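The values are calculated or read from the model by the stated rules, or taken from the named source; none is laboratory data. None of these values were measured; they are calculated from a predicted model. Heads up, the Cβs are rebuilt from the backbone with ideal geometry, glycines too, and the neighbour counts pull from every protein chain shown. Heads up: the accessible areas ignore ligands, DNA and RNA and are worked out on the full protein's heavy atoms, side chains in. Shrake-Rupley method; radii C 1.70, N 1.55, O 1.52, S 1.80 Å.
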Amino acid sequence: MKRYRFVLIVLLCLCGSSLFAKGPDDMVPLFGEKLENAQMAADSWKFNEAGELYPAQKDVQIWTKEKYGSFVCKLEFKMSAGANSGFIFHCSDRDKWIPNAIEIQLLDDAGKAPEFRSSMSFYGYQAASKNVLNPAGQWNQLEVCSLGRQVRIKLNGEIVNTIDFSQWTDNAKGPAGTEIAKKFQHRNLAGMEPFGYIGIQGMHVKDIPITFRNLYVKRIDFSEHKATESLFGQKLEKADYDPKIWSMDDQGILRATKDDVIWSRNKYKNFVLDFEFLTVAKANSGIVIKCDDKKKWIPNSLEVQIYDSFGEPTDFRACGSIFGRCPTMFNVCKKSGEWNKMRVVCQGDLITVVLNGEIVTLMDKSKFKHKIKNPDGTEAYPWLRERAPANINNEGYIGIQGLHGKQPVIYRNICIREL
(Lines give C-alpha, C1' and ligand atoms only; values in the text may rest on other atoms or scores of the structure.)
Protein backbone atom coordinates (compact mmCIF):
# COMPACT_ATOMS: atom_id res chain seq x y z
CA MET A 1 0.00 0.00 0.00
CA LYS A 2 1.33 3.39 -0.98
CA ARG A 3 2.44 5.52 1.98
CA TYR A 4 2.46 9.29 1.66
CA ARG A 5 4.98 11.61 3.23
CA PHE A 6 3.83 11.84 6.80
CA VAL A 7 4.16 15.51 7.73
CA LEU A 8 3.03 14.75 11.29
CA ILE A 9 6.27 12.91 12.04
CA VAL A 10 8.34 15.64 10.39
CA LEU A 11 6.64 18.41 12.35
CA LEU A 12 6.87 16.67 15.68
CA CYS A 13 10.54 15.85 15.13
CA LEU A 14 11.23 19.49 14.30
CA CYS A 15 9.13 20.93 17.10
CA GLY A 16 9.72 18.37 19.84
CA SER A 17 9.50 14.62 19.31
CA SER A 18 9.19 14.27 23.07
CA LEU A 19 5.42 14.43 22.62
CA PHE A 20 5.49 10.70 22.02
CA ALA A 21 8.05 9.95 24.71
CA LYS A 22 6.23 11.63 27.60
CA GLY A 23 4.12 9.63 29.97
CA PRO A 24 0.58 10.52 31.03
CA ASP A 25 1.73 13.03 33.66
CA ASP A 26 1.31 15.95 31.25
CA MET A 27 -1.91 14.54 29.78
CA VAL A 28 -5.43 14.68 31.16
CA PRO A 29 -7.94 11.86 31.63
CA LEU A 30 -9.92 11.51 28.41
CA PHE A 31 -13.32 11.40 30.10
CA GLY A 32 -12.34 12.74 33.52
CA GLU A 33 -11.39 10.93 36.71
CA LYS A 34 -15.04 10.06 37.40
CA LEU A 35 -16.49 10.47 33.90
CA GLU A 36 -17.32 14.08 34.67
CA ASN A 37 -16.03 15.08 31.23
CA ALA A 38 -18.01 12.39 29.43
CA GLN A 39 -21.18 12.73 27.38
CA MET A 40 -23.15 9.46 27.48
CA ALA A 41 -26.45 7.85 28.36
CA ALA A 42 -27.01 7.34 32.09
CA ASP A 43 -25.19 4.29 33.48
CA SER A 44 -24.07 3.21 30.00
CA TRP A 45 -20.36 3.15 30.96
CA LYS A 46 -18.84 2.39 34.35
CA PHE A 47 -15.57 1.91 36.19
CA ASN A 48 -15.05 -1.40 37.98
CA GLU A 49 -13.17 -1.78 41.28
CA ALA A 50 -9.86 -2.04 39.44
CA GLY A 51 -10.43 1.34 37.78
CA GLU A 52 -11.16 -0.21 34.39
CA LEU A 53 -13.77 1.38 32.13
CA TYR A 54 -16.30 -0.86 30.43
CA PRO A 55 -19.60 -0.51 28.56
CA ALA A 56 -22.56 -1.56 30.70
CA GLN A 57 -25.01 -1.44 27.77
CA LYS A 58 -24.88 -2.80 24.24
CA ASP A 59 -23.49 -0.49 21.57
CA VAL A 60 -23.85 2.77 23.51
CA GLN A 61 -21.04 5.23 22.86
CA ILE A 62 -19.14 7.38 25.34
CA TRP A 63 -17.99 10.82 24.15
CA THR A 64 -15.83 13.70 25.25
CA LYS A 65 -17.65 16.92 26.06
CA GLU A 66 -14.98 18.95 24.25
CA LYS A 67 -13.93 18.86 20.61
CA TYR A 68 -10.35 18.09 19.58
CA GLY A 69 -8.40 18.81 16.41
CA SER A 70 -4.74 17.92 16.83
CA PHE A 71 -4.15 15.59 19.76
CA VAL A 72 -2.33 12.61 21.20
CA CYS A 73 -4.53 10.02 22.89
CA LYS A 74 -3.15 7.05 24.80
CA LEU A 75 -5.13 4.17 26.26
CA GLU A 76 -5.05 0.47 27.00
CA PHE A 77 -7.73 -2.02 26.00
CA LYS A 78 -8.42 -5.71 26.54
CA MET A 79 -10.62 -7.79 24.27
CA SER A 80 -13.05 -10.50 25.21
CA ALA A 81 -13.22 -13.33 22.65
CA GLY A 82 -15.20 -12.05 19.65
CA ALA A 83 -15.30 -8.42 20.84
CA ASN A 84 -15.93 -5.56 18.44
CA SER A 85 -15.60 -1.86 19.22
CA GLY A 86 -13.95 1.27 17.87
CA PHE A 87 -12.02 4.43 18.72
CA ILE A 88 -13.90 7.36 17.17
CA PHE A 89 -12.56 10.85 16.49
CA HIS A 90 -13.19 14.01 14.44
CA CYS A 91 -16.90 13.49 15.14
CA SER A 92 -19.14 16.42 14.24
CA ASP A 93 -22.45 14.80 15.24
CA ARG A 94 -22.53 12.48 18.26
CA ASP A 95 -26.14 11.42 17.63
CA LYS A 96 -25.39 10.46 14.02
CA TRP A 97 -21.73 9.63 14.25
CA ILE A 98 -21.29 6.85 11.69
CA PRO A 99 -21.28 9.10 8.61
CA ASN A 100 -19.80 12.06 10.51
CA ALA A 101 -16.67 10.69 12.14
CA ILE A 102 -13.60 8.49 11.63
CA GLU A 103 -13.40 5.11 13.35
CA ILE A 104 -10.31 3.08 14.18
CA GLN A 105 -11.51 -0.49 14.38
CA LEU A 106 -10.99 -2.46 17.61
CA LEU A 107 -11.67 -6.11 16.83
CA ASP A 108 -10.64 -9.47 18.27
CA ASP A 109 -8.72 -10.69 15.22
CA ALA A 110 -5.20 -11.32 16.51
CA GLY A 111 -3.06 -13.20 14.00
CA LYS A 112 -5.27 -12.47 10.99
CA ALA A 113 -4.22 -10.61 7.84
CA PRO A 114 -5.15 -6.89 7.90
CA GLU A 115 -7.91 -5.46 5.72
CA PHE A 116 -10.00 -2.31 5.87
CA ARG A 117 -12.48 -3.71 8.41
CA SER A 118 -9.95 -5.35 10.73
CA SER A 119 -8.30 -4.11 13.89
CA MET A 120 -6.34 -0.85 13.59
CA SER A 121 -7.86 -0.04 10.20
CA PHE A 122 -9.35 3.32 9.46
CA TYR A 123 -12.62 1.45 9.21
CA GLY A 124 -13.93 1.16 5.68
CA TYR A 125 -10.99 3.06 4.23
CA GLN A 126 -7.49 1.78 4.87
CA ALA A 127 -6.07 -1.41 6.38
CA ALA A 128 -3.26 -1.46 8.91
CA SER A 129 0.20 -2.35 7.59
CA LYS A 130 0.47 -5.27 10.02
CA ASN A 131 -1.37 -6.99 12.87
CA VAL A 132 0.37 -6.80 16.26
CA LEU A 133 -2.80 -7.16 18.34
CA ASN A 134 -2.48 -9.30 21.45
CA PRO A 135 -4.90 -12.23 21.84
CA ALA A 136 -8.18 -11.86 23.74
CA GLY A 137 -7.62 -11.54 27.48
CA GLN A 138 -4.36 -9.58 27.14
CA TRP A 139 -3.89 -5.82 27.39
CA ASN A 140 -2.95 -3.72 24.36
CA GLN A 141 -1.44 -0.22 24.32
CA LEU A 142 -2.91 2.14 21.75
CA GLU A 143 -1.68 5.61 20.79
CA VAL A 144 -3.51 7.78 18.28
CA CYS A 145 -1.80 10.97 17.14
CA SER A 146 -3.72 13.41 14.97
CA LEU A 147 -2.26 16.51 13.39
CA GLY A 148 -5.07 17.93 11.32
CA ARG A 149 -5.85 15.49 8.52
CA GLN A 150 -2.73 13.45 9.18
CA VAL A 151 -3.12 10.63 11.68
CA ARG A 152 -0.81 7.95 13.03
CA ILE A 153 -1.74 4.79 14.92
CA LYS A 154 0.74 3.03 17.18
CA LEU A 155 -0.21 -0.33 18.75
CA ASN A 156 1.93 -2.09 21.33
CA GLY A 157 4.88 0.15 20.49
CA GLU A 158 4.75 -0.27 16.70
CA ILE A 159 3.44 2.13 14.06
CA VAL A 160 0.75 0.15 12.25
CA ASN A 161 -1.19 2.73 10.23
CA THR A 162 -0.69 6.29 8.94
CA ILE A 163 -2.97 8.31 6.72
CA ASP A 164 -3.22 11.74 5.15
CA PHE A 165 -6.93 12.39 4.69
CA SER A 166 -6.22 15.37 2.43
CA GLN A 167 -5.22 12.84 -0.25
CA TRP A 168 -8.64 11.12 -0.13
CA THR A 169 -10.49 13.33 -2.60
CA ASP A 170 -12.45 10.56 -4.37
CA ASN A 171 -15.67 9.25 -2.82
CA ALA A 172 -15.29 5.69 -4.09
CA LYS A 173 -11.55 4.96 -4.14
CA GLY A 174 -8.55 5.73 -1.99
CA PRO A 175 -5.34 7.33 -3.32
CA ALA A 176 -3.84 3.87 -3.92
CA GLY A 177 -6.88 2.77 -5.96
CA THR A 178 -8.44 0.59 -3.26
CA GLU A 179 -12.22 0.68 -2.95
CA ILE A 180 -13.85 2.51 -0.05
CA ALA A 181 -16.65 0.69 1.78
CA LYS A 182 -19.92 1.53 0.01
CA LYS A 183 -21.65 2.95 3.09
CA PHE A 184 -18.98 5.66 3.24
CA GLN A 185 -19.01 6.62 -0.44
CA HIS A 186 -21.39 9.55 0.07
CA ARG A 187 -18.48 11.73 1.20
CA ASN A 188 -14.76 12.20 0.74
CA LEU A 189 -12.39 12.41 3.67
CA ALA A 190 -10.51 15.41 2.29
CA GLY A 191 -13.66 17.50 2.74
CA MET A 192 -14.27 16.56 6.38
CA GLU A 193 -13.19 19.01 9.06
CA PRO A 194 -10.45 17.37 11.17
CA PHE A 195 -12.07 18.60 14.37
CA GLY A 196 -14.64 17.02 16.64
CA TYR A 197 -15.49 14.84 19.60
CA ILE A 198 -13.56 11.72 20.63
CA GLY A 199 -15.53 8.62 21.56
CA ILE A 200 -15.47 4.87 22.08
CA GLN A 201 -18.02 2.50 20.67
CA GLY A 202 -19.81 0.27 23.17
CA MET A 203 -20.48 -3.46 22.95
CA HIS A 204 -21.05 -3.81 19.23
CA VAL A 205 -21.60 -7.54 19.80
CA LYS A 206 -24.07 -8.29 22.60
CA ASP A 207 -22.59 -9.49 25.91
CA ILE A 208 -19.01 -9.46 24.55
CA PRO A 209 -17.36 -6.43 26.17
CA ILE A 210 -14.06 -4.69 25.67
CA THR A 211 -12.39 -3.11 28.71
CA PHE A 212 -10.31 0.08 28.85
CA ARG A 213 -7.93 1.69 31.32
CA ASN A 214 -5.43 4.55 31.52
CA LEU A 215 -7.22 6.75 28.97
CA TYR A 216 -5.43 10.08 28.49
CA VAL A 217 -5.42 12.89 25.95
CA LYS A 218 -3.33 15.95 25.19
CA ARG A 219 -3.90 18.68 22.63
CA ILE A 220 -0.94 19.33 20.33
CA ASP A 221 -0.21 23.03 20.29
CA PHE A 222 3.60 23.26 20.55
CA SER A 223 3.16 24.63 24.07
CA GLU A 224 6.69 23.56 25.04
CA HIS A 225 8.02 26.29 22.74
CA LYS A 226 6.36 29.29 24.36
CA ALA A 227 7.79 32.58 23.11
CA THR A 228 9.12 34.94 25.78
CA GLU A 229 11.06 37.75 24.03
CA SER A 230 9.11 40.85 22.98
CA LEU A 231 9.11 41.13 19.17
CA PHE A 232 8.87 44.92 19.02
CA GLY A 233 10.14 45.81 22.51
CA GLN A 234 8.30 47.20 25.50
CA LYS A 235 8.14 50.68 23.95
CA LEU A 236 8.47 49.67 20.27
CA GLU A 237 12.21 50.33 20.44
CA LYS A 238 12.82 47.15 18.39
CA ALA A 239 10.30 48.06 15.68
CA ASP A 240 10.48 49.80 12.31
CA TYR A 241 7.26 51.86 12.09
CA ASP A 242 5.59 55.22 11.61
CA PRO A 243 4.87 56.68 15.09
CA LYS A 244 2.04 58.75 13.61
CA ILE A 245 0.23 55.51 12.76
CA TRP A 246 1.25 52.91 15.35
CA SER A 247 1.15 53.31 19.13
CA MET A 248 1.37 51.17 22.27
CA ASP A 249 -0.34 52.27 25.48
CA ASP A 250 0.69 51.63 29.09
CA GLN A 251 -1.20 48.30 29.11
CA GLY A 252 0.82 47.07 26.13
CA ILE A 253 -2.08 47.39 23.65
CA LEU A 254 -0.80 47.90 20.10
CA ARG A 255 -3.00 49.60 17.51
CA ALA A 256 -2.86 51.44 14.18
CA THR A 257 -4.82 54.29 12.64
CA LYS A 258 -3.98 53.57 8.97
CA ASP A 259 -3.18 50.65 6.68
CA ASP A 260 0.56 50.63 7.27
CA VAL A 261 2.77 47.76 8.48
CA ILE A 262 4.87 47.75 11.64
CA TRP A 263 8.03 45.66 11.10
CA SER A 264 10.59 43.84 13.17
CA ARG A 265 14.08 45.25 12.75
CA ASN A 266 15.57 41.77 12.65
CA LYS A 267 14.96 38.94 10.21
CA TYR A 268 13.77 35.56 11.50
CA LYS A 269 13.86 32.09 9.93
CA ASN A 270 12.84 29.37 12.41
CA PHE A 271 10.69 30.74 15.21
CA VAL A 272 7.58 30.64 17.38
CA LEU A 273 5.50 33.82 17.43
CA ASP A 274 2.90 34.18 20.18
CA PHE A 275 0.38 37.01 20.48
CA GLU A 276 -3.18 37.93 21.36
CA PHE A 277 -5.59 39.92 19.22
CA LEU A 278 -9.10 41.33 19.46
CA THR A 279 -11.24 42.16 16.45
CA VAL A 280 -14.11 44.59 16.08
CA ALA A 281 -16.91 43.39 13.76
CA LYS A 282 -15.54 42.74 10.24
CA ALA A 283 -12.05 43.91 11.22
CA ASN A 284 -9.23 42.80 8.92
CA SER A 285 -5.49 42.64 9.51
CA GLY A 286 -2.64 40.17 9.09
CA ILE A 287 0.70 38.84 10.35
CA VAL A 288 3.32 39.15 7.63
CA ILE A 289 6.11 36.53 7.70
CA LYS A 290 9.14 35.69 5.57
CA CYS A 291 9.26 39.19 4.09
CA ASP A 292 12.42 40.22 2.20
CA ASP A 293 11.08 43.50 0.79
CA LYS A 294 9.28 45.78 3.23
CA LYS A 295 8.33 48.34 0.57
CA LYS A 296 6.79 45.70 -1.72
CA TRP A 297 5.76 43.13 0.82
CA ILE A 298 2.53 41.74 -0.68
CA PRO A 299 4.09 39.46 -3.33
CA ASN A 300 7.32 38.97 -1.38
CA SER A 301 6.02 37.44 1.83
CA LEU A 302 3.24 35.31 3.26
CA GLU A 303 0.39 36.63 5.37
CA VAL A 304 -1.38 34.87 8.23
CA GLN A 305 -4.87 36.29 8.02
CA ILE A 306 -6.35 38.06 11.05
CA TYR A 307 -10.05 38.54 10.44
CA ASP A 308 -13.40 38.58 12.22
CA SER A 309 -14.50 35.23 10.75
CA PHE A 310 -16.46 33.79 13.68
CA GLY A 311 -19.00 31.27 12.38
CA GLU A 312 -17.94 31.65 8.75
CA PRO A 313 -16.83 28.82 6.42
CA THR A 314 -13.19 27.81 6.29
CA ASP A 315 -11.24 29.02 3.26
CA PHE A 316 -8.03 30.88 2.47
CA ARG A 317 -9.50 34.17 3.72
CA ALA A 318 -10.54 32.89 7.17
CA CYS A 319 -8.76 33.88 10.36
CA GLY A 320 -5.59 31.80 10.67
CA SER A 321 -5.31 30.97 6.97
CA ILE A 322 -2.26 31.75 4.86
CA PHE A 323 -4.10 34.44 2.94
CA GLY A 324 -4.94 33.52 -0.62
CA ARG A 325 -2.93 30.32 -0.48
CA CYS A 326 -3.69 27.81 2.26
CA PRO A 327 -7.10 27.56 4.03
CA THR A 328 -7.76 26.82 7.64
CA MET A 329 -8.96 23.29 8.39
CA PHE A 330 -11.73 24.44 10.75
CA ASN A 331 -12.90 27.59 12.48
CA VAL A 332 -12.27 28.32 16.17
CA CYS A 333 -12.13 32.11 15.88
CA LYS A 334 -13.92 33.83 18.77
CA LYS A 335 -16.64 36.45 18.45
CA SER A 336 -15.64 40.05 17.84
CA GLY A 337 -14.86 41.77 21.12
CA GLU A 338 -13.19 38.67 22.63
CA TRP A 339 -9.45 38.10 22.84
CA ASN A 340 -7.97 35.35 20.68
CA LYS A 341 -4.59 33.68 21.16
CA MET A 342 -2.50 32.77 18.13
CA ARG A 343 0.80 30.99 17.66
CA VAL A 344 2.69 30.90 14.37
CA VAL A 345 5.45 28.30 14.11
CA CYS A 346 7.91 28.45 11.20
CA GLN A 347 10.45 25.70 10.59
CA GLY A 348 11.99 25.96 7.14
CA ASP A 349 9.19 25.50 4.61
CA LEU A 350 6.72 24.31 7.24
CA ILE A 351 4.26 26.80 8.72
CA THR A 352 1.84 25.93 11.50
CA VAL A 353 -0.87 28.24 12.84
CA VAL A 354 -2.39 27.54 16.25
CA LEU A 355 -5.56 29.49 17.10
CA ASN A 356 -7.05 29.34 20.58
CA GLY A 357 -5.18 26.12 21.36
CA GLU A 358 -5.97 24.25 18.13
CA ILE A 359 -3.78 23.74 15.07
CA VAL A 360 -5.94 25.21 12.31
CA THR A 361 -3.49 25.60 9.42
CA LEU A 362 -0.61 23.48 8.15
CA MET A 363 1.36 24.64 5.12
CA ASP A 364 4.40 23.17 3.43
CA LYS A 365 5.25 26.07 1.15
CA SER A 366 7.66 23.94 -0.90
CA LYS A 367 4.53 22.38 -2.46
CA PHE A 368 3.25 25.78 -3.64
CA LYS A 369 5.40 25.90 -6.78
CA HIS A 370 3.05 27.84 -9.04
CA LYS A 371 2.30 31.55 -9.00
CA ILE A 372 -1.38 31.17 -9.78
CA LYS A 373 -2.56 27.65 -8.90
CA ASN A 374 -2.48 26.39 -5.34
CA PRO A 375 -2.00 22.63 -4.74
CA ASP A 376 -5.70 22.21 -3.93
CA GLY A 377 -6.70 23.65 -7.32
CA THR A 378 -7.77 27.09 -6.11
CA GLU A 379 -6.30 30.20 -7.68
CA ALA A 380 -4.46 32.91 -5.79
CA TYR A 381 -5.68 36.47 -5.99
CA PRO A 382 -4.16 38.46 -8.90
CA TRP A 383 -2.06 40.67 -6.60
CA LEU A 384 -0.34 37.59 -5.14
CA ARG A 385 0.72 36.01 -8.42
CA GLU A 386 4.07 37.69 -8.91
CA ARG A 387 5.97 35.08 -6.90
CA ALA A 388 5.26 31.44 -6.06
CA PRO A 389 5.36 30.74 -2.29
CA ALA A 390 7.99 28.03 -2.85
CA ASN A 391 10.33 30.78 -4.10
CA ILE A 392 9.82 33.08 -1.13
CA ASN A 393 12.79 33.09 1.21
CA ASN A 394 12.35 31.35 4.55
CA GLU A 395 14.22 34.09 6.39
CA GLY A 396 12.62 37.49 6.54
CA TYR A 397 11.07 40.30 8.53
CA ILE A 398 7.89 39.90 10.57
CA GLY A 399 5.21 42.57 10.41
CA ILE A 400 1.65 43.38 11.41
CA GLN A 401 -0.75 44.95 8.94
CA GLY A 402 -2.44 48.10 10.16
CA LEU A 403 -6.00 49.34 9.78
CA HIS A 404 -6.84 47.48 6.57
CA GLY A 405 -10.58 48.11 6.80
CA LYS A 406 -12.70 50.60 8.69
CA GLN A 407 -12.68 48.54 11.89
CA PRO A 408 -9.51 47.97 13.95
CA VAL A 409 -7.68 44.93 15.23
CA ILE A 410 -5.70 45.46 18.41
CA TYR A 411 -2.80 43.34 19.64
CA ARG A 412 -0.97 42.60 22.87
CA ASN A 413 1.72 40.28 24.30
CA ILE A 414 3.57 39.90 20.99
CA CYS A 415 6.51 37.63 21.74
CA ILE A 416 8.98 35.60 19.71
CA ARG A 417 11.34 32.70 20.29
CA GLU A 418 13.92 31.58 17.75
CA LEU A 419 14.23 27.84 17.22
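Quick one: net charge around Asp349, please, counting Lys, Arg +1 and Asp, Glu -1 for every other residue with C-beta under 9 Å from its C-beta.
Numbers: positive: Lys365, Lys367; negative: Asp364.
Local charge sum for Asp349: +1.
Ignoring ligands, DNA and RNA, what percent of the 1.4 Å accessible area of segment 79-164 is carbon and sulfur? Mind dumping the intermediate values first?
Numbers: 1280 of 2910 Å².
Here it works out to 44 percent.
Rounded to the nearest whole Hz, the Karplus-based 3J(HN,Hα) values (6.51 cos²θ - 1.76 cosθ + 1.60, θ = phi - 60°) of segment 60-75 follow the sequence 10, 7, 10, 10, 6, 7, 9, 8, 10, x, 9, 7, 10, 10, 10, 7, with x at glycine and proline.
Can you tell me the length gained on complete extension of the stretch Gln57 to Lys96, counting 0.36 nm per residue apart and subtracting the Cα distance? Write out the running numbers ahead of the final one.
Values: separation 39, 0.36 × 39 = 14.04 nm, distance 1.82 nm.
Going from the current span to full extension adds 12.2 nm.
Can you give me the accessible area per residue for segment 310-366, using a 1.4 Å probe, in Å²?
30
Here segment 323-410 exposes an accessible surface that is 50 percent carbon and sulfur, computed with a 1.4 Å probe and the other protein chains kept in place. For segment 128-181, the convex hull drawn through the C-alpha positions has a volume of 97 cubic angstrom per residue.
Excluding Ser80 itself, calculate the net charge of residues whose Cβ lies under 12 Å from the Cβ of Ser80, where each Lys or Arg counts +1 and each Asp or Glu counts -1.
On the way: positive: Lys78, Lys206; negative: Asp108, Asp207.
It works out to a net charge of 0.
Taking GluC sites (Glu not before Pro) across segment 207-299, the ones in a DSSP loop with at most 16 further Cβ atoms lying within 10 angstrom of their Cβ are Glu237. When the P(r) of the chain is calculated, the portion above 42 Å amounts to 20% of the C-alpha pairs. Once you divide the Cα radius of gyration of segment 304-419 by 2.2 N^0.38 Å, the number left is 1.06.
Model label sites at Lys267 and Ser247, defined 7 Å from Cα along the beta-carbon direction, differ in position by 3.4 nm.
What's the FRET efficiency of Lys369 with Arg412 using the Cβ-Cβ distance as r and R₀ = 45 Å, to the nearest 0.05? Provide the component values of the computation, followed by the final result.
Working: r = 37 Å, r/R0 = 0.83.
For R0 = 45 Å, the calculated efficiency reads 0.75.
If R0 equals 51 Å, the separation of the Cβ atoms of Ala41 and Lys295 corresponds to a calculated FRET efficiency of about 0.25.
Counting Lys and Arg as +1 and Asp and Glu as -1 over every other residue whose Cβ lies under 9 Å from the Cβ of Glu358, the net charge comes to +1.
Radius of gyration (Cα atoms) of segment 258-316, expressed as a multiple of 2.2 N^0.38 Å: 1.26.
Extension gain Glu229-Ser336, at 0.36 nm per residue separation less the Cα-Cα distance, in nm? Could the numbers behind the result be given before it?
Values: separation 107, 0.36 × 107 = 38.52 nm, distance 2.75 nm.
That pair, Glu229 and Ser336, stretches by 35.8 nm at full extension.
For the pair segment 334-362 and segment 268-308, the centres of their Cα atoms are 11 angstrom apart. For segment 110-244, the per residue solvent-accessible surface stands at 44 Å², with DNA, RNA and ligands left out and a 1.4 Å probe. Exceedance of the 28 Å cut-off in Cα-Cα distance is limited, within the set Lys341/Lys373; Lys238/Lys258; Lys235/Lys341; Lys226/Lys406, to Lys341/Lys373; Lys226/Lys406.
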